[in-house]
Amino acid sequence: MDIESVLVTGANRGIGLEFVKQLINLSKPPRLLFATYRDSNAKEALETIRDSTQQTQILLIQLDVTKAKEIEDARKIVEDVVGDKGLDLLINNAGALKFEGFPEITEDNMLLHFSTNTVGPVMVLKELFPLLKKSAVRKTTETTVSRTIVINLSSIDGSIGSLSLENPDGWLHAFGYKTSKAALNMAMRVVALTVKDSGVLIVNLCPGWVKTDMGNMGTNEAELEVGESVTAIMKTLSQLNESHHGTFIDRNGNTIVF
C-alpha cells in the first residue's frame, strides 16, 4: 500500500488513534500524517506518538467537523504541506453517539448527530477534494498501482435494509445515530456517483462494534478490540479497487446492504 499522505479525523482516541498507530507502523509508512482532534485538552496520546515517530511526520490539527472555518483552516494547513502532490488518503472517522429513542428523541439530539456524522464528513470531503484529485491525477500519470481513497467510517446501524419488523433488535434507542449514519451512506453514495471519473475512490465502511468510549457507552458489551478492527480495515484498505467505489462494506470487505 503506497500512501504518502493521509488525514485522519477524530484521531485523538479510539479507532482514529489506532489508525495513526497502525499507519506509522506499516512496512512503508506514510511520509505525512495529519491527525485531527477536537478538544485541545485531549491530544496527549497523539503528541506522544508524534514526538517518538521517526519515519512519518505527524502534524496535529485542531478540527471540529461541525465548524466550517476549522475545516477550511485544516485544508490550508494540508495544502501548504502536500503542495501539488495532493492528499492520498482521507479517513473520515470523527463521529458522535448519544442515546435517545422514540418518542423521547429531541431536535437537539437529531441535529447533534446529523451535524457530526453526516454533514461534517461531507464538508470535510468537499474541502479536501481538490487535494484528493491532485493525488489521483499524479498517480494516474505515474501509473502507480496505488489509489487515492476516501474511507467514511459508517455503521451497520445505518443500514435500512438490515432493520426489519422481524429483526428489530438494532439499537432502536440510538435513533439519531442510526438515522445520521443512514444519511451518511446516501450522501457518500451520491458523491461517489458524482465524482466517478475523478480517480478518487469513495468507500463507506463499518468497523464493527468496537470497544471504544463511544462504542461501549458504559456497557462493555462491544465485540471487537480496537486493534482487531483496525487491523482488518487496513488489510481491506490495501485490497480496494474500482469495484468498491460507492459501496458500503464491513471491515473485512464484505458488502453491506444500504
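The values are calculated or read from the model by the stated rules, or taken from the named source; none is laboratory data. Small disclaimer: the values here were computed from a predicted structure and weren't measured. Positions of Cβ are backbone-derived with ideal geometry, glycine not excepted, and every protein chain shown enters the neighbour counts. Note: areas computed on protein heavy atoms with side chains; ligands, DNA, RNA excluded. Shrake-Rupley method; radii C 1.70, N 1.55, O 1.52, S 1.80 Å.
Name the pairs whose Cβ atoms lie under 6 Å apart, with the first residue in segment 232-256 and without any contact (Cβ under 8 Å) to a residue 12 or more places away in the chain, the second assigned to a strand (DSSP E or B) and buried (at least 17 other Cβ atoms within 10 Å of the Cβ), and 6 or more positions between them or separate chains?
Going by the 6 Å Cβ cut-off, the qualifying pairs are 255/249.
Just wondering, is there one or more residues in segment 64-78 that are aliphatic (A, V, I, L, M), farther than 25 Å from residue 207 by Cβ and either at pLDDT 95 or above or surrounded by fewer than 20 Cβ atoms within 10 Å (Cβ to Cβ) (or both)?
Filtering segment 64-78 down to residues aliphatic (A, V, I, L, M) leaves 65, 68, 71, 74, 77-78.
If we keep only those that are farther than 25 Å from residue 207 by Cβ too, we end up with 68, 77.
From the residues that got through so far, the ones that are either at pLDDT 95 or above or surrounded by fewer than 20 Cβ atoms within 10 Å (Cβ to Cβ) (or both) too are 68, 77.
Yes, segment 64-78 contains at least one residue that is aliphatic (A, V, I, L, M), farther than 25 Å from residue 207 by Cβ and either at pLDDT 95 or above or surrounded by fewer than 20 Cβ atoms within 10 Å (Cβ to Cβ) (or both).
Out of all the residues in segment 51-63, is one or more within 20 Å of residue 207 (Cα to Cα) and either out of contact with any Pro (no Cβ under 9 Å at 6 or more places or on another chain) or touching a residue at least 24 places away in the same chain (Cβ under 8 Å) (or both)?
no
Can residue 193 be described as buried (at least 20 other Cβ atoms within 10 Å of the Cβ) and at pLDDT 95 or above?
Spelling it out, it is not the case that residue 193 is buried (at least 20 other Cβ atoms within 10 Å of the Cβ) and at pLDDT 95 or above.
Does residue 55 satisfy the condition of being over 15 Å from residue 8 (Cα atoms) and touching a helix residue (DSSP H, G or I) at 6+ places or on another chain (Cβ under 8 Å)? If you could, list the steps in order and put the result at the bottom.
Numbers: over 15 Å from residue 8 (Cα atoms): yes; touching a helix residue (DSSP H, G or I) at 6+ places or on another chain (Cβ under 8 Å): yes.
Taking the combined requirement at face value, the residue satisfies it.
Restricting attention to segment 140-157, report how many residues are over 11 Å from residue 201 (Cβ atoms) and at pLDDT below 95.
Qualifying residue count for the region: 8.
Residue 45 - would you say it is part of a helix (DSSP H, G or I), within 21 Å of residue 133 (Cβ to Cβ), out of contact with any Phe, Trp or Tyr (no Cβ under 6 Å at 6 or more places or on another chain) and of a type in the set (Gly, Ala, Ser)?
Values: part of a helix (DSSP H, G or I): yes; within 21 Å of residue 133 (Cβ to Cβ): no; out of contact with any Phe, Trp or Tyr (no Cβ under 6 Å at 6 or more places or on another chain): yes; of a type in the set (Gly, Ala, Ser): yes.
Against the criterion (part of a helix (DSSP H, G or I), within 21 Å of residue 133 (Cβ to Cβ), out of contact with any Phe, Trp or Tyr (no Cβ under 6 Å at 6 or more places or on another chain) and of a type in the set (Gly, Ala, Ser)), residue 45 does not qualify.
Run residue 55 past the list (1) farther than 19 Å from residue 3 by Cβ; (2) more than 19 Å from the chain's Cα centre (by Cα); (3) part of a loop (DSSP other than H, G, I, E, B); (4) not aliphatic (A, V, I, L, M) and report the number of the one that doesn't hold.
(1)
Based on this model, can you work out whether residue 118 counts as over 15 Å from the mean Cα position of the chain (by Cα) and either farther than 19 Å from residue 251 by Cα or surrounded by fewer than 18 Cβ atoms within 10 Å (Cβ to Cβ) (or both)?
Against the criterion (over 15 Å from the mean Cα position of the chain (by Cα) and either farther than 19 Å from residue 251 by Cα or surrounded by fewer than 18 Cβ atoms within 10 Å (Cβ to Cβ) (or both)), residue 118 does not qualify.
Residues in segment 226-246 that are part of a loop (DSSP other than H, G, I, E, B) and open to solvent by less than 30 Å² (accessible area, probe 1.4 Å): how many?
Going through segment 226-246 one residue at a time, the tally reaches 2.
Of (1) surrounded by fewer than 21 Cβ atoms within 10 Å (Cβ to Cβ); (2) touching a Gly at 6+ places or on another chain (Cβ under 8 Å), residue 8 satisfies all except one. Which?
(1)
Do we find a residue being assigned to a helix (DSSP H, G or I) and of a type in the set (Phe, Trp, Tyr) anywhere in segment 16-33?
yes
Taking helices (runs of 4 or more DSSP H) that fall entirely within segment 97-211, which contain at least 2 residues that are in contact (Cβ under 8 Å) with a residue 40 or more places away in the chain and out of contact with any Gly (no Cβ under 7 Å at 6 or more places or on another chain)? Steps first, answer last, please.
Details: elements: 107-113, 120-141, 175-194.
Qualifying helices (runs of 4 or more DSSP H): 120-141, 175-194.
So is residue 172 among the aliphatic types (A, V, I, L, M) and more than 22 Å from residue 111 (Cα to Cα) or not?
For residue 172, the condition - among the aliphatic types (A, V, I, L, M) and more than 22 Å from residue 111 (Cα to Cα) - is not met.
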